[in-house]
Every structure is written in C-alpha cells, then in structure tokens.
Amino acid sequence: MKVHVDETKCCGAGQCVLIAPEIFGQRDEDGIVVLLDPAPT
C-alpha cells in the first residue's frame, strides 16, 4: 500500500495520528499531518 497526504485538506484534528501513529505525525507549529512512512507494510 502507498499512502499520500494532501496537507491542504488537513484540518489538524489528529484523527489519522490516533488511528495510525506509526504512519502519521503532526507538525508542532500548526498540527498539520506529516507522513512518517509512505509505504507501510
């Protein structure tokens, strides 16, 4: 599986981080999602 993040659509709620913290993170300054692992197994 390949994961893509569209930062322009992120509202910073953190739901993706709660569900899959090994794949997603959040920027400290604004809470926008960051992709930690673009190709999880």
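What residue among GLY25, ALA39, MET1 has its Cα farthest toward the positive end of the dipole of the chain, where the charges are +1 on Lys, Arg and -1 on Asp, Glu, each on the Cβ?
Going by the Cα projections, it comes out as MET1.
How far apart, in nanometres, would the label points at GLU29 and ALA13 be if each is projected 7 angstrom from Cα along the Cα-to-Cβ direction?
Modelled inter-label distance: 2.5 nm.
Which option, [x] 28, 15, 14; [y] 29, 19, 8; [z] 28, 18, 14, is the value of Cα extents along the principal axes in Å that was calculated from these coordinates?
So the calculated entry is the one marked [z].
To the nearest 20 debye, what is the magnitude of the charge dipole of the chain about its Cα centre, counting +1 on the Cβ of each Lys and Arg and -1 on the Cβ of each Asp and Glu?
Magnitude of the dipole: close to 180 debye.
Quick check: residue separation of VAL3 and ALA39 times 0.36 nm, minus the Cα distance between them. What number comes out in nm?
Additional length available on full extension: 12.3 nm.
We did not get these values from a lab; they are worked out from the coordinates using the rules stated. Just so we're clear, the structure is a prediction, and the values are computed from it rather than from any experiment. Neighbour counts run over all protein chains shown; Cβ positions are idealised from the backbone, glycine included.
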